[in-house]
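Student: Got a structure for you, written out below as structure tokens; questions coming shortly.
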Amino acid sequence: MASGGGGGLGGKSMKAVANDVSEGYMTINPLVLKKFDRDMIKDLFEHLSKSMAAARNLAAPLNDMPALRQKNMKLQRLHNAIIILRNFARERRIPI
């Protein structure tokens, strides 16, 4: 399923996939991950981790509840995707 420069899902880069996961446009599950090869899984893990760090660094005022909720939802989506990806990689014996 690798395409162009670095592979992705549906022609998107792994950075775009990680961004879509954080925004809630896409979910990561074992059925989606079956299409990925070893390098794509490692690349996705790297970009999800970078997106997680970027989401943590977002500054939201404590009195702005919608902004805090949005930040926390992003973090939750990324965390869940990373957990699913780690478990999938562990089952497939892919070191990440």
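The values are calculated or read from the model by the stated rules, or taken from the named source; none is laboratory data. Bear in mind that the values here come from a model prediction, so they are computed numbers and not experimental data. Neighbour counts are summed over all protein chains in view; Cβ atoms, including those assigned to glycine, are modelled from backbone coordinates with ideal geometry. In case anyone asks, the SASA skips ligands and DNA or RNA and just uses the protein heavy atoms, side chains included. Shrake-Rupley method; radii C 1.70, N 1.55, O 1.52, S 1.80 Å.
Student: For region 17-96, take the alpha-carbon Rg, divide it by the Kirkwood Rh, and send me Rg/Rh.
Tutor: Details: Rg = 13.6 Å, Rh = 13.1 Å.
Ratio of gyration radius to Kirkwood radius for region 17-96: 1.04.
Student: When the helix-only estimate is applied to the chain (DSSP H runs of n ≥ 4, each -39,500 (n - 2.57), divided by the residue count), what is the mean residue ellipticity at 222 nm, nearest 500 deg cm²/dmol?
Tutor: -20500 deg cm²/dmol
Student: Tally Lys and Arg at +1 and Asp and Glu at -1 over the other residues with C-beta under 12 Å from the C-beta of Gly24: what net charge comes out?
Tutor: Counting the neighbours of Gly24, the net charge comes to 0.
Student: Under a 10 Å cutoff between Cα atoms, tell me which one of Asp43, Asp64, Asp20 has the largest fluctuation in the Gaussian network model of the chain.
Tutor: Among Asp43, Asp64, Asp20, the largest mean-square fluctuation in the Gaussian network model of the chain belongs to Asp64.
Student: Mind checking the per residue accessible area of the chain for me, 1.4 Å probe, whole number of Å²?
Tutor: Working: 6150 Å² over 96 residues.
On a per-residue basis, the chain sits at 64 Å².
Student: Apply the membrane-span-like helix rule to the chain: whole DSSP H runs, Cα extent along the own long axis of at least 20 Å, mean Kyte-Doolittle hydropathy at least -1.0. List the helices found. Please report the intermediate quantities before stating the final value.
Tutor: Numbers: long enough: 38-56 (27 Å, -0.42); 65-91 (39 Å, -0.40).
Correct list, ordered by number: 38-56, 65-91.
Student: Next question, about the same structure. Once both labels are modelled 7 Å past Cα along the beta-carbon direction, what's the Lys71-Ala53 spacing in nm?
Tutor: My value for the distance between the label points is 1.8 nm.
Student: Next question, about the same structure. Can you give me the relative contact order of the chain as a percent, contacts being Cα pairs under 8 Å and 6 or more apart?
Tutor: 32 percent
Student: Ok, one more. Given 0.36 nm per residue, what is the gain on full extension from Arg93 to Lys34 after removing their alpha carbon distance, in nm? Show your work: numbers first, answer last.
Tutor: Values: separation 59, 0.36 × 59 = 21.24 nm, distance 1.35 nm.
Result: 19.9 nm gained on full extension.
Student: Which of the listed residues, Ile83, Phe45, Gln70, is farthest toward the dipole's positive end in the chain, when Lys, Arg count +1 and Asp, Glu count -1 at the beta-carbon?
Tutor: Checking the options against the dipole of the chain, the answer is Ile83.
Student: Report in % the part of the accessible area of the chain that belongs to carbon and sulfur, leaving out ligands and nucleic acids; probe 1.4 Å.
Tutor: The computed percentage sits at 52.
Student: Name the chymotrypsin sites (Phe, Trp or Tyr not before Pro) in region 10-71 that are in a loop by DSSP and that have at most 14 other C-beta atoms within 10 Å, would you?
Tutor: Answer by residue number: Tyr25.
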